[in-house]
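The structure's right below; bear with me while I get my questions together.
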Amino acid sequence: MKNNCFERAEILCVGTELLIGDIVNTNAAYLSRRLAAMGVGVYRQAVVGDNPARLAEDVRAALSRADLIIMSGGLGPTYDDLTKETVASVFGRTMEMHEPSLARITQYFEARGRVMTENNKKQAMMPVGATVFDNDYGTAPALALENEKGQVVVMLPGPPRELEPLFRERVEPYLHTRCEAVMFSRNVHIIGMGESMIDAILPHDILESENPTVAPYCATGEVRLRVTARAASISEATALCDAMVEKLKQTPVWPFVYGIDVPSPEAALVAELAARSMTLSVAESCTGGLIAKRLTDIPGCSDVVAGGAVTYQTREKTAVLGVPADLIAREGVVSEAVARAMAEGARKRFDTDVSIATTGYAGPGGGTEKEPVGTVYVAVSAPQGTICTRYAMSSKRDRAYIRELAATYAFSDALGFLRGVADEGAEKS
């Protein structure tokens, strides 16, 4: 480890139940996200069963490559919970009773009127020289062990309901104290431009910048540019990130940015509507309620989301939304004209400022030569008018992906329309 911060990290999750697929390993993903936000690069992830010999081998291998190792699992009271003991043996440390932890574990059982069995004391045994992190969410404390080279191994309990708050509240502050520099990141969220296009059009001085760094990450329907700076203080690191964001505003990428440091496009849309004191309704066909579901996942959405309708069958588009039957017969149920009529009908029926409508072929069946599977029309209506965008997604994609992507594009189109940057009649793929 250099004097300023950890440079290489590895994540090692312990548990036979992970290897055989009984439990999905969400810990590795969570830890990777938190370390990335700190500016610590995660170079490897691994899973090892409850076998001390193999665990010791993996710990030694990780120490040969990394200066920070984050481990999860194996801190419980049973015979096969051997993470602490194994790491202690690799470090050449003996185990000793950590009395403050024993007192907390004893109190935990007494407060619940439960009998503490003798094996629970094992959770209070710690390698000599360990830094112990109190666990307010369970019985097994977390801990960190440092060797003479300055390498650090952090050991966390396996249950995510314990690991996540422990890492966030106890371990992250500890890791920050190990760094002379601090890290800060801004996340620039983009819809409508792929990673390869972003890489092709961004100036090289941005992509090759060392401080701050600019790194692209892909998700369904969007790309995130993580801008991370290292400095002596948070204010200095923030200033470096903000200066890079200003440079990004001068590039062709910027019109496709839907938000900075926002959790999702639907959250950005809810915030935009709230800021404008506007209400929204939805009319969904191919997305089957997914747009409404994602909107109502956002806290505070009730202030702006009025309601909606899933008009999956043709007759319901007429009966509920007032889409003319002859229009559907003439243009087809999957068409720009019908999408527009659905959005306008929803806005009138629910008496909202804005409405979103979707109609398309999510597959695997359906579709025509003119409008194959993967075709989705997204319409957005407001008093200023109605826009509609045709999306042509690959028919090789599965039904869930097409629906998810259509919902994401719908949020982006609504945001663009509200902000005055939507491009009516465009076709994207």
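With n ≥ 4 as the cut-off for DSSP H runs, can you work out [θ] at 222 nm for the chain, using -39500 (n - 2.57) per run divided by the number of residues, rounded to the nearest 500?
Values: 16 runs with 160 residues, N = 429.
Computed ellipticity for the chain at 222 nm equals -11000 deg cm²/dmol.
Okay, next question. For the cross-link pairs Lys247/Lys293; Lys84/Lys149; Lys249/Lys293; Lys293/Lys317, which exceed 24 Å when the distance is taken from alpha carbon to alpha carbon? Please list the in-between numbers first.
Details: Lys247/Lys293 36 Å; Lys84/Lys149 19 Å; Lys249/Lys293 32 Å; Lys293/Lys317 20 Å.
In this structure, Lys247/Lys293; Lys249/Lys293 exceed 24 Å between Cα atoms.
Sticking with this structure for a sec: Identify unpaired cysteines across the chain, taking unpaired to mean no other cysteine Cβ lies under 4.7 Å from the residue's Cβ.
Cys13, Cys218, Cys241, Cys286, Cys301, Cys388
Could you go through segment 337-353 in sequence order and give the Karplus-derived ³J(HN,Hα) for each residue, using 6.51 cos²θ - 1.76 cosθ + 1.60 with θ = phi - 60°, rounded to whole Hz, and x for Gly and Pro?
Listing the rounded values in order: 4, 5, 4, 4, 5, 5, 5, 5, x, 5, 4, 6, 5, 9, 6, 10, 6 Hz.
Restricting to bridges with both residues inside the chain, how much of the DSSP beta-bridge set is antiparallel, in percent to the nearest 5? Intermediate values should be presented prior to the final figure.
Working: 43 of 72 bridges.
Around 60 percent antiparallel, to the nearest 5.
Among 43-53, 336-346, how do they line up from the highest to the lowest mean number of other beta-carbon atoms within 10 Å? Mind dumping the intermediate values first?
Values: 43-53: 15.6, 336-346: 25.0.
For the peptides 43-53, 336-346, the packing ranking is 336-346, 43-53.
When the Cα centres of segment 62-139 and segment 252-321 are compared, how far apart do they sit, in Å?
If you average the Cα positions of each part, the centres end up 47 Å apart.
Considering the options Ala37, Leu163, Gln313, tell which one lies farthest towards the positive end of the dipole of the chain, charges being +1 on Lys and Arg and -1 on Asp and Glu at the Cβ, about the Cα centre.
Gln313
I need the trypsin sites (Lys or Arg not before Pro) found in segment 124-175, filtered to DSSP loop residues with at most 10 other beta carbons within 10 Å of theirs.
On the way: sites: Lys149, Arg161, Arg168, Arg170; in loops: Lys149.
Passing sites in segment 124-175 are Lys149.
Which one of Leu327, Ile260, Asn27 has its Cα pushed farthest toward the positive end of the charge dipole of the chain, where Lys and Arg give +1 and Asp and Glu give -1 at the Cβ?
The residue sitting most towards the positive pole is Leu327.
Size of the dipole of segment 289-429 about the Cα centre, Lys and Arg at +1 and Asp and Glu at -1 on the beta carbon, nothing else charged, in debye to 20? The partial results should precede the final answer.
On the way: 17 positive and 17 negative charges, 57 e Å.
The dipole magnitude comes to about 280 debye.
As I understand it, the dipole of the chain uses +1 on the Cβ of Lys and Arg and -1 on the Cβ of Asp and Glu, about the Cα centre. Which of Ala111, Cys218, Ser281 lies farthest toward its positive end?
Ser281
Okay, moving on. In degrees between 0 and 90, to the nearest 10, how far off the longest principal axis of the chain does helix 26-38 point, with axes built from Cα atoms?
90
So how strong a dipole does segment 8-177 carry about its Cα centre when Lys and Arg Cβ are +1 and Asp and Glu Cβ are -1, to the nearest 20 debye?
On the way: 18 positive and 22 negative charges, 61 e Å.
My answer is approximately 300 debye.
Counting Lys and Arg as +1 and Asp and Glu as -1, each charge on the Cβ, what is the dipole of the chain about the Cα centre in debye, to the nearest 20? Please list the in-between numbers first.
Working: 44 positive and 54 negative charges, 83 e Å.
Dipole of the chain, to the nearest 20 debye: 400 debye.
Computed from the coordinates by the stated procedures, all read-outs in this text should not be read as laboratory data. A quick note: this is a predicted structure, and the numbers were derived from the prediction, not measured. Here the Cβ is made from the backbone with ideal geometry for all residues, glycine too, and neighbour counts use every protein chain on show.
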